Amino acid sequence: MIDRADVVVIGSGGFGASTAFHLVERGAGDVVVVDRYELASQTSPRAAGLISHARTTDLMCELVRRAAGKLERFTAETGQPLDWTRPGSLKVARRPEDVPVVEGDFERGRRLGLDVELLSGDEANALHPLLQPDGVLAVLRVGEDLYFDPRDVAIGYVRGAEANGATFLPHTTVTRVDLADGRVRAVETDRGTIRTSCVVDAAGAWTRQVAAASGIRIPLVPTRHQLFVTETLDDVHADLPIVRVMDAAVYVRPCEGGLLWGGYEERPRFFDMDELRRDFETPQTPLDADVLWALADDVHAQLPVLRRAAVREHRGGLPTMTGDGQHILGPAPGAEGFFVAGGCNVSGLSVSPAVGEALAGWIVDGAPPLDLEPLSLARFAAAGVVQDELERRAAWEYRHFYGAR
Ligand SMILES: Cc1cc2nc3c(=O)[nH]c(=O)nc-3n(C[C@H](O)[C@H](O)[C@H](O)COP(=O)(O)OP(=O)(O)OC[C@H]3O[C@@H](n4cnc5c(N)ncnc54)[C@H](O)[C@@H]3O)c2cc1C
């Protein structure tokens, strides 16, 4: 067992693996990644693999722009495969109150130089014959949006980092980060202690528990999210645009000759990781197909295909929601050397290339490469969030991810 490191990364999902890869690339010294299970095996490989450029803040638009570029260059940067396709996307407004939202996205996108266009339902139907124009008031087309195979990203960064000198310790659970005089001193695991002055808590659904063991409160809540992959369909091809129906919070993309689709229900199921068995793994997350069928009913007029397509895979995982729907990235106040990469809000895998690069730069240079202050843990310091309030806000953010606020 290794007993010292310059940086210890806790978790080998998209956030942790990307951070480790970029730390090694930046010459951060001895980088050790600890994971309680198989490497890259928890929520990350279970994602839908969508990236959305139409975000509500300039900072998120910039992170997504950087991340999308890195996904397209993934193989050149890491030496590892990544299957990706850029068919663009169609964001569908069915309610009058959602029309100004897509118009706002359009204006922001144009200002930021994106390939955006406002379409009618009929024009969208011409691009995507499975999307019916009935009840569609407006559609935003975003040319840059792409989808990728979620199974490739975290493991690709793991293998790339390992090839460049990072050390990975799977099946090793971090039990506590030791702090002395407000500074990180060591990471305790069930297989021994690693002395270090810098740690990155990228423990996914367990991010909060890892930090809490050192007295650091991270207000996020693990939230079940699930999707279906259908059998092959005659009229589906890989270049069909991604579709997002705003108020229903349903997304659809092509996947291996069929469709991959999922959505965000009104009352999501939250999990307290302390209440689960100690050996609980994300693939054991209890799923509920009725949630997805109710969403299919909601969008039946626009996407009747969802009801008729046979399902070949039902999967889900435990992304983490925050009370304001924004990630938590950067240092923990009062704990020098303790960094957090959490609060993925069901969109962390796609931004993980840019998040890892930014955190690695922050650790090596002592300052972030772009202003990440709006995503800081410190923003919650004054609020002293109570759990019920966190869950109420998180549920609202979960359902309203597409901006139908
Ligand atoms: C169905 C579904 C669809 C999704 N679709 C998308 C999408 O289209 N686009 C998108 O960007 N995102 C999507 N997401 C969200 C995405 O999967 C997450 O944002 C992302 O995977 C989070 O990565 P992570 O590294 O935080 O977590 P994880 O991948 O879960 O990694 C955390 C790691 O930490 C380890 N760990 C935990 N505790 C400890 C400990 N004490 N000691 C050591 N190791 C520990 C775990 O074993 C795990 O390997 C989706 C999620 C789901 C479930």
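The values are calculated or read from the model by the stated rules, or taken from the named source; none is laboratory data. A quick note: this is a predicted structure, and the numbers were derived from the prediction, not measured. Heads up, the Cβs are rebuilt from the backbone with ideal geometry, glycines too, and the neighbour counts pull from every protein chain shown. Keep in mind that these areas ignore ligands, DNA and RNA; they rest on the heavy atoms of the full protein, side chains included. Shrake-Rupley method; radii C 1.70, N 1.55, O 1.52, S 1.80 Å.
Of all residues in segment 36-51, those that are open to solvent by less than 20 Å² (accessible area, probe 1.4 Å) have Cβ atoms under 7 Å from Cβ atoms of residues that are more than 6 Å from the ligand (Cβ to nearest atom) and β-branched (Val, Ile, Thr), 6 or more apart or on another chain, in ALA40/ILE155; ALA40/VAL158; ILE51/VAL64. Here the strands (runs of 3 or more DSSP E) wholly within segment 68-187 that include at least 3 residues being under 21 Å from the mean Cα position of the chain (by Cα) are 89-93, 146-148. For ALA238, are the conditions met, namely being aliphatic (A, V, I, L, M), touching a residue at least 40 places away in the same chain (Cβ under 8 Å) and open to solvent by 30 Å² or more (accessible area, probe 1.4 Å)? In short, yes.
Hey, could you check segment 221-234 for residues that are more than 16 Å from the ligand (Cβ to nearest atom) and either under 28 Å from PRO283 (Cα atoms) or not in a loop (DSSP other than H, G, I, E, B) (or both) and say which is most open to solvent (accessible area, probe 1.4 Å)?
THR232
A quick yes/no check of all residues on (1) open to solvent by 10 Å² or more (accessible area, probe 1.4 Å); (2) more than 24 Å from ASP178 (Cα to Cα); (3) of a type in the set (Gly, Ala, Ser):
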residue	(1), (2), (3)
PHE339	yes, no, no
CYS344	yes, yes, no
LEU349	yes, yes, no
LEU359	no, no, no
GLY366	yes, no, yes
ALA378	yes, no, yes
GLU389	yes, yes, no
ALA395	yes, yes, yes
TYR398	no, yes, no
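Could you say whether any residue in segment 62-77 is surrounded by fewer than 23 Cβ atoms within 10 Å (Cβ to Cβ), among the aromatic types (Phe, Trp, Tyr) and touching a Pro at 6+ places or on another chain (Cβ under 8 Å)? The answer is yes; a qualifying residue exists.
Is it the case, given these coordinates, that GLY356 is assigned to a loop (DSSP other than H, G, I, E, B) and within 13 Å of the ligand (Cβ to nearest atom)? In short, no.
What do you reckon, is ARG191 in contact with an Asp or Glu (Cβ under 9 Å, 6 or more places away or on another chain), open to solvent by 40 Å² or more (accessible area, probe 1.4 Å), of a type in the set (D, E, K, R) and at pLDDT 95 or above? When the stated conditions are applied, ARG191 does not pass them. The set of residues in segment 12-35 that are outside any loop (DSSP other than H, G, I, E, B) and open to solvent by 20 Å² or more (accessible area, probe 1.4 Å) comprises PHE15, VAL24, GLU25. Listed conditions (1) under 16 Å from the mean Cα position of the chain (by Cα); (2) of a type outside the set (A, V, I, L, M); (3) within 16 Å of the ligand (Cβ to nearest atom) are all met by PHE339, apart from (1).
Within segment 106-118, residues that are within 16 Å of SER52 (Cβ to Cβ) and open to solvent by less than 60 Å² (accessible area, probe 1.4 Å) have Cβ atoms under 6 Å from residues that are among the β-branched types (Val, Ile, Thr) and part of a strand (DSSP E or B) in these pairs: PHE106/VAL116; GLY109/VAL116; VAL116/VAL142, counting only partners at least 6 apart in sequence or on another chain. Among the candidates VAL142, VAL136, single out the residue that is of a type in the set (Val, Ile, Thr) and open to solvent by 20 Å² or more (accessible area, probe 1.4 Å). None of the other options fit; the residue is VAL136. When segment 194-218 is limited to residues that are surrounded by fewer than 20 Cβ atoms within 10 Å (Cβ to Cβ) and part of a helix (DSSP H, G or I), the one that is nearest to the ligand (Cβ to nearest atom) turns out to be GLN209. Any residue that is closer than 30 Å to THR193 by Cα, assigned to a helix (DSSP H, G or I) and of a type in the set (S, T, N, Q) - is there at least one of those in segment 43-52? Within segment 43-52, one or more residues are closer than 30 Å to THR193 by Cα, assigned to a helix (DSSP H, G or I) and of a type in the set (S, T, N, Q).
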